[in-house]
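As structure tokens, the structure follows; a few thoughts come after it.
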Amino acid sequence: QVHLVESGGGLVQAGGSLRLSCAASGRAFSYYAMAWFRQAPGKEREFVTAISDSTYTYYADSVKGRFTISRDNTKNTVYLQMNSLKPEDTAVYYCAARSGSVSYESNSYVYWGQGTQVTVSS
């Protein structure tokens, strides 16, 4: 069982930066693939980025070069550094975990956080 808690969301102007954190409780965090998804009002939840247990990283084209995912297994935490934010990045950001390999599909993730709101003003 893994419990995930996100933090770090907020309001930022376009071009600004935010760092989201996702703290995990439970055993064997280092063996989980971790991902960030986001959901904007009226839209489906979409894949943003993921990191494997061996720290391979994967990004959606829309955030490549602007967002960076990382993990600290000593702190059971995964981070999302978001730079050059755009109004279209506005969404609730969710942290997710699954055992095994990274997946781009939200329904393959078993554990989810409660979400944190990111709002980018123009």
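Here are a few things to note about the model shown:
- One Cα centroid belongs to the stretch 44-122, the other to the stretch 1-34; the line between them spans 8 Å.
- The residues neighbouring D89, those whose beta-carbon lies less than 9 Å from its own, together hold a net charge of +2 under the Lys/Arg +1, Asp/Glu -1 convention.
- Solvent-accessible area per residue in the chain equals 52 Å², computed with a 1.4 angstrom probe and all protein chains kept.
- Largest GNM mean-square fluctuation among V110, V78, V92, using the chain with Cα springs under 10 Å: V110.
- Considering only D61, D89, D72, the Gaussian network model of the chain with Cα springs below 10 Å gives its largest mean-square fluctuation to D61.
- Portion, in percent, of the accessible area of the stretch 13-122 that falls on carbon or sulfur, probe 1.4 Å: 45
- In straight-distance terms, cross-link reach from K64 covers every one of the lysines whose alpha-carbon lies under 20 Å from its own, apart from those fewer than eight places away in the same chain; here that gives K86.
- When the trypsin sites (Lys or Arg not before Pro) in the stretch 56-122 are filtered for DSSP coil states and for at most 12 other beta-carbon atoms within 10 Å of their beta-carbon, the remaining sites are K64, K75.
The values are calculated or read from the model by the stated rules, or taken from the named source; none is laboratory data. As the structure is a prediction and not an experimental result, all values here were calculated from the model. Glycine gets a Cβ as well: all are built from the backbone with ideal geometry, and neighbour counts include every protein chain shown. Just so you know, the surface numbers come from the protein's heavy atoms only, side chains and all, with ligands and any DNA or RNA stripped out. Shrake-Rupley method; radii C 1.70, N 1.55, O 1.52, S 1.80 Å.
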